[in-house]
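Colleague: Sharing a structure with you now.
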Amino acid sequence: MEYNPSQNRYEQMVYKRCGNSGIKLPIISLGLWHNFGDVDVFENFRKIIWSAFDAGITHFDLANNYGPPYGSAEKNFGQILKKDFKGYRDELLISTKAGWDMWPGPYGEFGSRKYLLASLDQSLKRMQLDYVDIFYSHRPDFETPLEETMGALATAVQQGKALYVGISSYPAEMSDRAVKILKQMGVPCLIHQPNYSLLDRWIENGLLDVLDDNGVGCIVFSPLAQGLLTNRYLNGIPEDSRAHKSHGFLKESAITEALVEKLKKLNEIAQGRNQSLAQMSLAWLLKDPRITSVLVGASRVEQLNDNLQILNNLSFSNDELEAIEKILA
Ligand SMILES: NC(=O)c1ccc[n+]([C@@H]2O[C@H](COP(=O)([O-])OP(=O)(O)OC[C@H]3O[C@@H](n4cnc5c(N)ncnc54)[C@H](OP(=O)(O)O)[C@@H]3O)[C@@H](O)[C@H]2O)c1
């Protein structure tokens, strides 16, 4: 099948400036952590990527170890780029990361210069790209000097293998130091990628202020708490859900009765807004002006389309906000 991108794709999306950079991100971006590996169905995820681009999603987020097996999401994404997106590279913002375990031995994880730069070369090969738009340090490494990790990011830019750099899951104070080190090296930190959802609000305690003060954008991962903040688990654990799959990062044990009760109450508020629980959960995150984009995952086109409808209703009444806080308290 041949892919012809929708002509009016840019009219459907809202784009927001990433910190004080020149880059604008779609307020919904697509992540390829789950559902794009060799264990998944190629034609299914190929269509998810088509639908995303058709809806104005320009930003696709990867990492060296996305799959399973590790590396396969990058390889599959590269094949889709080659097959379907010839001539569109300059309309796409593609990120990858290194930090988690990727290959055996002491040079296959964490934050050394040796690991980061070797991993970026491997990622580019798998995706058949000359450069990525954003290269991230995927997690903080408390044993490697921060200067070494940030130096590796700066080198990636100097080598022309990344246009921008970012950090992921760094705590507030360490983020502040990382951003300042990068600045001294003449390479601004474009973006931070932390997890943030109605069920995990750690970034409200300092990190968001640090990013705001430094003009760094914020794209939040697992905004639906890996699917918990959707209709997926309101009535049991579906066979095809992430929690049920043996390779899924979400475990069935996370779906407790107390949690489902909370989710059902949140779902009632969402229904009152004529939204799905997923839509309300995403819209709630975006009400903070410091959030540049929500980085969602999807196992099928319908989920992505559902999430895209937040563009119709992003505002909350005070009553709704209070009711949500009460449930979460
Ligand atoms: N930097 C990091 O360390 C890090 C860590 C994790 C993730 N990430 C990034 O963040 C991206 C998103 O993470 P995530 O996949 O955990 O995000 P998520 O959006 O919280 O969860 C996605 C899952 O929620 C379900 N879902 C999504 N929309 C739905 C809808 N409208 N209705 C019902 N169910 C829906 C699907 O579950 P089912 O699969 O069960 O259908 C989907 O796979 C990743 O792909 C990756 O790019 C980064």
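Colleague: Quick check on region 253-271. Is at least one of its residues assigned to a loop (DSSP other than H, G, I, E, B) and touching an Asp or Glu at 6+ places or on another chain (Cβ under 8 Å)?
Modeller: No: zero hits.
Colleague: Residue by residue through region 110-152, note down the ones that are touching an Asp or Glu at 6+ places or on another chain (Cβ under 6 Å), of a type outside the set (Ser, Thr, Tyr), under 30 Å from Asp90 (Cβ atoms) and within 16 Å of the ligand (Cβ to nearest atom).
Modeller: Arg126, Met127
Colleague: Sticking with this structure for a sec: Would it be correct to say that Phe221 is near the ligand (Cβ under 10 Å from one of its atoms), under 18 Å from the mean Cα position of the chain (by Cα), surrounded by fewer than 16 Cβ atoms within 10 Å (Cβ to Cβ) and under 20 Å from Gln193 (Cα atoms)?
Modeller: No.
Colleague: Taking the condition farther than 30 Å from Asp121 by Cβ and either within 12 Å of the ligand (Cβ to nearest atom) or without any contact (Cβ under 8 Å) to a residue 40 or more places away in the chain (or both), does Leu234 pass?
Modeller: It is true that Leu234 is farther than 30 Å from Asp121 by Cβ and either within 12 Å of the ligand (Cβ to nearest atom) or without any contact (Cβ under 8 Å) to a residue 40 or more places away in the chain (or both).
Colleague: Please go through region 256-297 and pick out each residue that is of a type in the set (Asp, Glu) and over 24 Å from Leu207 (Cβ atoms).
Modeller: Going residue by residue through region 256-297, those that are of a type in the set (Asp, Glu) are 257, 261, 268, 288.
The answer is Glu257, Glu261, Glu268.
Colleague: Here is a further query. Checking the condition of a type in the set (A, V, I, L, M, F, W, C) and surrounded by fewer than 23 Cβ atoms within 10 Å (Cβ to Cβ), which residue from Ala63, Ala55 passes?
Modeller: Ala55
Colleague: Here is a follow-up. Yes or no: region 201-218 includes at least one residue that is in contact with a strand residue (DSSP E or B) (Cβ under 8 Å, 6 or more places away or on another chain), crowded, with 20+ Cβ neighbours inside 10 Å and either hydroxyl-bearing (Ser, Thr, Tyr) or on the phi > 0 side of the Ramachandran plot (or both).
Modeller: no
Colleague: Follow-up. Going by the conditions given, is Asp240 surrounded by 14 or more Cβ atoms within 10 Å (Cβ to Cβ), of a type in the set (Asp, Glu) and touching a residue at least 24 places away in the same chain (Cβ under 8 Å)?
Modeller: no
Colleague: If you don't mind, there's one more thing I want to ask. Quick one: count up the residues across region 1-36 that are charged (D, E, K, R) and under 20 Å from Asp288 (Cα atoms).
Modeller: 3
Colleague: Would you be able to tell me the number of residues in region 277-305 that are within 11 Å of the ligand (Cβ to nearest atom), assigned to a loop (DSSP other than H, G, I, E, B) and under 19 Å from Val14 (Cβ atoms)?
Modeller: 1
Every read-out reported here was derived from the displayed coordinates using simple, explicitly stated rules and does not represent laboratory data. None of these values were measured; they are calculated from a predicted model. Ideal geometry is used to build each Cβ from the backbone, glycine not excepted, and the neighbour counts take in all protein chains shown.
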